[in-house]
Amino acid sequence: MHLTPSERTAELTPSQPRRAQVGKLFLLLAVAAIGAICVLPLVIVISASLSSERSLVEWGYSLLPREFSIAAYAYLWHQPDQLAASYGITTFVTVTGTLGGLLLSSLLAYPLARRDFRWRRPLSFYVFFTMLFNGGLVPTYIVVSQVLHLKDTVWALILPYLIVPWFVLLLRTFFAMLPVEIIESAQMDGFGEYRLFFRIVLPLSTPVLATVALFASLNYWNDWFLALLYIDDRRLLPLQYLLVTIIQNIEAINMSANTVTTAAPAESVRMATAVLAIGPIVFVYSFLQKYFVQGLTVGAIKG
Amino acid sequence: MNTAYPNQVSGPADGGLQRAERKYRGVKRLLRDAPLLSMTLPGVLLLLVFAYLPMFGIVIAFKNFRVSDGIWGSEWVGFANFRYLFSSSDAWRITFNTLFLNALFIAFGTVAAVALALLMNEIRNRWLNRVLQSFLFFPYLLSWVLVGYIVFALLRMENGLVNNALAALGLPPVNWYMESKYWPAILLLVSVWKSAGYNSIIYLAAMLGINPEYYEAARIDGASKFQQISRIKLPLLAPVLTMMTLLQIGRIFYADFGLFYNVTRDSGMLYETTDVIDTYVFRMLRTVGDIGMASSAGFYQAVVGFLLVLLSNLIVRRMDKDNALF
């Protein structure tokens, strides 16, 4: 769903064609300027990743590469250990976390949307109270590291974000809008709650599921905070946190140390890694964009 | 309610029977609820561990926490951690920075989002609208780490784009990551850049809900475009605007850790203007290792933050029940 104004005001009144033209031009310029501001910073990063190391040292970053070179990507291709490991971790965390979170969140949200469920009110309070109050970083850190002993495990990157109350709220709102008759007639046909949920409710809810899936995958793919807190083992570094470490230290890339490092293309490699980290999210977004807009408006203005 | 089991028998002799029957009914109802209850079980348990357990763990702010003794075993010290925190200049600084910067973000962010929504609302061309929307969302997709990279490319001392531009104008370069006075403005720009497009969609949706007859009537009466915006769109947008702003104000005591940690590159020279409660708690916990300071600052944030959320929600609820969180 794209939010475009309907054609209702499309016709300009003929009495003021000149002013309308000027207005149109102004509008186009504004759009171009804003579009540029949004994407140009990324263009700089891409350009830097495609520049020769020498030109970056000499002149710094620019909008277009002054000396085109794919050395950074070639370097990453031949030094794949850390990068491949991080890609693997991030992919695993994103896929597991998104699918698992989607399943458990909708299982939690659906009963909360059922008006005939007697525990609806207390459980809703239980879930949504966590949006208002939380223990904060220190107790959470102690629980995860010293009570659950999740430090340096991949679960520390997945479990804390598995149930996000806001997603549960989105799902519940959507489930509650499904016609009651569908549920009642399925019950009449002898559907149990689980069969009803998986065979009827979920298939009818693809828009909200896609929205939550996109938000959740963005959450996991872009996360570096959990790694900052809980991961010291280099083999478990997710992509974004790898980027945090290599902005200070190019050594992170060639930790395998089996090669004599002959002046690694530090700057451009950093930027190439950054580009590789963005790629998948842009790809996924381009597919799910229409749901993204829809979900946002559902979440913002309930009902 | 009990029509299925009418009270056919009464009298003291049958009390035991009634009780047994009531119990049986209770079990039966629980069994009926069992499938739906079991659905919620994994989520309920996860929240118990990752949300409720830490809530109780908040008591460590009143303890001298030692890893070996655990949360419950550590010694109670009353308000000692708080006395320590509030007697330092840190408490005032992080409170001020958190409130001041968040207030800036809310004010400018809202204006930018509404302006973008107005702009998108004027674009009739479907294709152009679509492209603009994709572009506006784009910064929202990037992680704070990447935003930190981009800002670094712009602001770095040698060969940063901004310093190169300054040099081209014959101005001396600025060592941005050492000069704290520029950072409220820099953080504001970055924050608005990243989230204004995302927020504008909410306002755009509200604008699209406005009955087009209003505009037609206004046009017939000779209202200019500007008048249509200031007299129709903005007033009709006011409820959504107030609601969104209040909800943001409710969260004013919580800072976006990713922004403050990555974009400033955690540069100690900038703490004067960029250190917020969240970064302070993190640093005390992980870098300095002073759990007393970290947990008391965290407690302070949790409690004041909670009161602000409650207050703002109370006001939202008064205005429009549907938009209140509870």
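Calculate the mean, over all residues of peptide B:104-115, of how many other protein chain Cβ atoms lie within 10 angstrom of the residue's Cβ. Intermediate results must be reported in sequence, preceding the final value.
Numbers: counts 0, 0, 0, 0, 0, 0, 0, 0, 1, 0, 0, 2.
Taking the mean over all residues of the peptide, I get 0.
Let me know the mean shielding of A:28-41 by other chains, meaning the per-residue number of their Cβ atoms within 10 Å of its Cβ. Please report the intermediate quantities before stating the final value.
On the way: counts 3, 0, 6, 10, 2, 0, 10, 7, 1, 5, 12, 5, 1, 13.
Mean inter-chain Cβ contacts per residue within 10 Å come to 5.
Comparing B:32, B:83, B:93, which has the greatest mean-square fluctuation in the GNM of chain B with Cα pairs linked when under 10 Å apart?
Fluctuation is largest for B:32.
Run the paramagnetic zone check for residue A:199: 7 angstrom along Cα to Cβ, then residues of segment A:164-188 with backbone nitrogen under 16 Å.
A:182-188
Order these by the 10 Å Cβ neighbour count, fewest first: A:25, A:56, A:102.
Working: A:25 10, A:56 27, A:102 20.
If I rank by nearby Cβ atoms, fewest first, I get A:25, A:102, A:56.
What's the longest uninterrupted piece of chain B once you rule out the GluC sites (Glu not before Pro) that are loop residues per DSSP with at most 16 other Cβ within 10 Å? Display every interim value, and only then the final one.
Values: sites that count: B:158, B:179.
Longest gap between qualifying sites, sites excluded: B:1-157.
Report the paramagnetic label zone for residue A:22: residues of segment B:198-230 whose backbone N is under 18 Å from a point 7 Å from Cα along the Cα-to-Cβ axis.
B:223-228
Using a Förster distance of 30 Å, how high is the FRET efficiency between residue B:27 and residue A:166, based on the Cβ-Cβ distance and rounded to 0.05? Don't skip to the answer; put the middle values down first.
On the way: r = 36 Å, r/R0 = 1.20.
Calculated transfer efficiency: 0.25.
With springs only between Cα atoms under 10 Å, which of B:196, B:34, B:302 fluctuates most in a Gaussian network model of chain B?
B:34
Compute the FRET efficiency between residue B:56 and residue B:84 as 1/(1 + (r/R0)^6), taking r as their Cβ-Cβ distance and R0 = 25 Å, and round to the nearest 0.05. Intermediate results must be reported in sequence, preceding the final value.
On the way: r = 23 Å, r/R0 = 0.91.
Given R0 = 25 Å and the Cβ-Cβ separation, E is 0.65.
GNM on chain B, C-alpha springs below 10 Å: top fluctuator among B:141, B:104, B:36?
B:36
Which of the lysines could a cross-linker bridge to residue B:225, judged by Cα under 28 Å and excluding same-chain residues fewer than eight apart?
List returned: A:24, B:233.
Can you figure out the FRET efficiency of residue B:185 with residue A:32, using R₀ = 25 Å and their beta-carbon distance, to the nearest 0.05? Could the numbers behind the result be given before it?
Numbers: r = 25 Å, r/R0 = 0.99.
So, using R0 = 25 Å, E works out to roughly 0.50.
Sorted from fewest to most neighbouring beta carbons within 10 Å, what does the list A:286, A:55, B:88 look like?
Working: A:286 9, A:55 19, B:88 12.
Ascending Cβ contact count within 10 Å gives the list A:286, B:88, A:55.
With each run of n ≥ 4 DSSP H residues scored as -39500 (n - 2.57), what mean residue ellipticity at 222 nm is computed for chain B after dividing by its residue count and rounding to the nearest 500 deg cm²/dmol?
The helix contribution divided over chain B gives -21500 deg cm²/dmol.
No value in this document is a laboratory result; all are computed from the given coordinates. Being a predicted model, the structure only gives us computed values, none of them experimental. Note: ideal-geometry Cβ built from the backbone for every residue, glycine included; neighbour counts use all protein chains shown.
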